[in-house]
1. Whole-Hz ³J(HN,Hα) for each residue in the stretch 102-110, computed from phi via Karplus 6.51 cos²θ - 1.76 cosθ + 1.60 with θ = phi - 60°, x for glycine and proline: what do you get?
2. Starting from the stretch 198-305, pick out the trypsin sites (Lys or Arg not before Pro) whose DSSP state is loop and whose Cβ has at most 16 other Cβ atoms within 10 Å.
3. At q = 0.20 Å⁻¹, what is the base-10 log of I(q)/I(0) for the stretch 13-119 according to the Debye formula with one equal point scatterer per Cα and no solvent? Please give it to two decimals.
4. Quick check: net charge around Ala49, other residues with Cβ under 11 Å of its Cβ, Lys/Arg +1 and Asp/Glu -1?
5. Quick check on the stretch 72-201: what are the equivalent-ellipsoid semi-axes from the Cα gyration tensor, as sqrt(5λ), descending, whole Å?
6. Add +1 for every Lys or Arg and -1 for every Asp or Glu among the other residues with Cβ under 13 Å from the Cβ of Glu140, and state the total.
7. Connecting C-alpha atoms closer than 10 Å in a GNM of the chain, tell me which of Thr61, Thr71, Thr24 has the biggest fluctuation.
8. Around Lys62, under 15 Å between beta carbons, what's the net of Lys plus Arg minus Asp minus Glu among the other residues?
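Each value in this text was obtained by applying a stated rule to the coordinates, not by laboratory testing. For clarity, every value in this text was computed on a predicted model and none was experimentally measured. Glycine also receives a Cβ, built like all others from the backbone with ideal geometry; neighbour counts cover every protein chain displayed.
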Amino acid sequence: MKKRRGRALDGWLVVDKPAGMTSTDIVNRVRRAFGAQKAGHGGTLDPLATGLLPVAFGAATKTVPYVMDGTKLYRFTLRFGEARDTDDADGQVIATSPARPDAGVIEAALPAFRGTIMQVPPAFSAVKIAGERAYDMAREGRAPELAPRPARIDRFVLIERPDADTAVFEVASGKGVYMRSLARDLARACGSVGHVAALRRLRVGPFDETMAISLDKIAGTGDIEPASPDLLLPVATALADIPALALTDAETSNLRHGQAISLVALMGRIPSQADPEGGLVRAMAGRCVIGLCRLEDGWLRSERLL
């Protein structure tokens, strides 16, 4: 078996992504800078977008799904008057409108976009249709027929109105919500057309801007010597949003051997935030994260051991 090249590193790096690069570009540059064997990202950002792109190394890649399931916070600028095929400033103009809604019209339209809504993804997205990516079909001039899907919007507020053409919003959302679709649909609801002119991600699950490092401080260092592992956050950082459950040594051993633990034995220790019907908890042995477990049918069962 061919040995994988590079250092075996475990942990998270939160990159402040610059505009103009894909998420894969960032992962590749960071992996080279660290000389790492394995890396992946915790949630794609469009090339136009800036902000938080968590990059997982080694064992941290096992926790990527839990980061992607976390709440995300965005700030975007909606430009009224032009619809674009990509629903952002990188695309071609496909429709125009002279309508420029005022703040009152925008505020009146926003409530319909909060809560769980049905959202049609952008034509230029990675959604698969009969095995084909929507963006491949769109690039070939075959407009994809995309079905609406549920999208959870926890917060959607107008925070600034720089001029008649633009409006700035903050959005807190669940997994798989497209800001480009929100901008497109809100503009239509306001009697105009529009697209995302600028987009920044401010938070992803437990990762926020205080943890972010600019790409300039990382990329390129691998040309001389690998970047320092001291820049990485622990694997368990990704799980900080998940309620913690303290286990005894015996319980830890049982979980590691694939045994379930009765919730009766854990009474008084189960965190109040944990849903007893299928909720996740972060199993702890002292200060060490053992892994993720699920509460169901009166038992604690391991789902992902670290």
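1. 7, 4, x, 5, 5, 4, 5, 7, 4
2. For trypsin sites (Lys or Arg not before Pro) across the stretch 198-305 that sit outside H, G, I, E and B with at most 16 neighbouring Cβ atoms in 10 Å, the list reads Arg269, Arg287.
3. With no solvent term, the Cα-only Debye profile gives -1.12.
4. That sum, taken over residues with Cβ under 11 Å, equals +2.
5. Each semi-axis is √(5λ); the values are 23, 18, 12 Å.
6. Around Glu140, the surrounding residues sum to 0.
7. Most flexible of the set in this elastic network: Thr24.
8. With Lys, Arg at +1 and Asp, Glu at -1, the neighbours total 0.
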